[in-house]
1. Pull out a ≥ b ≥ c, the square roots of the eigenvalues of the alpha-carbon gyration tensor of the range 80-131, then state rounded if a/c is under 1.5, prolate if not and a/b is larger than b/c, and oblate in the remaining case.
2. For the chain, what's the relative contact order in percent, using C-alpha pairs closer than 8 Å and at least 6 residues apart?
3. Which value, in debye to the nearest 20, describes the size of the charge dipole of the range 111-244 about its Cα centre when Lys and Arg Cβ atoms bear +1, Asp and Glu Cβ atoms bear -1, and nothing else is charged?
4. Work out the P(r) tail for the range 2-140: percent of alpha carbon pairs separated by more than 28 Å, whole number.
5. Which of the listed residues, Q220, C161, G60, is farthest toward the dipole's positive end in the chain, when Lys, Arg count +1 and Asp, Glu count -1 at the beta-carbon?
6. Picking from I110, N6, A137, whose Cα lies most toward the positive end of the charge dipole for the range 1-154 (charges on Cβ: Lys, Arg +1; Asp, Glu -1)?
7. Only Lys, Arg, Asp and Glu count, each charged at its Cβ (+1, +1, -1, -1), so figure out the dipole size of the range 1-138 about its Cα centre, rounded to 20 debye.
8. In degrees from 0 to 90, rounded to the nearest 10, what is the angle of the helix 46-58 Cα long axis to the longest principal axis of the chain?
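The values are calculated or read from the model by the stated rules, or taken from the named source; none is laboratory data. Since this is a predicted model, take the numbers as computed values, not measurements. For neighbour counting, all protein chains shown are included, and Cβ atoms are generated from backbone atoms with ideal geometry for every residue, glycine included. Calculation scope for accessible area: heavy atoms of the full protein, side chains included, ligands and nucleic acids excluded. Shrake-Rupley method; radii C 1.70, N 1.55, O 1.52, S 1.80 Å.
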Amino acid sequence: MTLFVNRLTHIDASLWCPQRGLIGVSWQVDVELDGDLGEDGMLFDFGEVKPWLKRYLDAGVDHTLLVPTQASGVTLASSEQEVYLRATAPYDFEMRAPPEAITALPWPSITPQRLAEHLSVELMRSPPARVKAIRLALHEEVIEGPAYSYSHGLKRHVGNCQRIAHGHRSRLHIWQNGVRAPRLESEWAAWLADRYLVDSADIIDEENPDQLASRYHAQQGEFFIRLPHDRCAVLAAPTTVENIAAWLARLIAGQTGQLTRVQAFEGIDKGAIAEAKP
């Protein structure tokens, strides 16, 4: 007997890509469970499937930076208090964070298919009663129109959003004077693609003018990140989706001279709406 649950939950994370560098990802999680029926006529109560799997993902890959340790130019060193990551291709990148902020995987690159297989094997190390096989599938949201990925960290967040390099793949909707503006959506999504969004208050001065470095202390510990300036976008506020929507609305209204409304998504099916006058 096979039990399935589609769109059971979502994973929002970032990963290091040997071709693109730091990118944000959002994946829908589907699951299939094989096993025997119990006396109650069920394999596994639907009401228990979601919290069980979500606890596992929340404590693991979700809101972490996924690092393929066999990728060219990647160096990873760790202690009980800190993980240090250095990458040199496709650009120079450095990060220091508590160990739980990084998921290290012994691969040359990371794909959702391979990660899903890995997570399925890990879940079967301690399966629920009567469950004989677990299969996860990770899918990107099907988006008709512009989409972009970004990474960030929120030092004031009490949960895992405080981790300095987690991210999202998101839709972007823009209206001007009440009319959708697909050209602007495409232009801004292309500009935002694969950027790191940083709060100006967290930027620290360094000798290399081509690099941006950010550091902050959060509940989970000390965080540091450094990457090229041209891969970043700087906000004068924490990089919450509310502030991202307001920031974009102000920028676009100022550049176009028109009343602008922005619907900025944070991953799948959630986000914020903001409006700005020129």
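1. Verdict is oblate for the range 80-131.
2. Working: 639 pairs, mean separation 51.3, N = 278.
Relative CO of the chain lands at 18 percent.
3. Dipole about the Cα centre, nearest 20: 800 debye.
4. Counting pairs separated by more than 28 Å, the tail of P(r) holds 26 percent.
5. Value: C161.
6. I110
7. Dipole about the Cα centre, nearest 20: 360 debye.
8. It works out to around 50 degrees.
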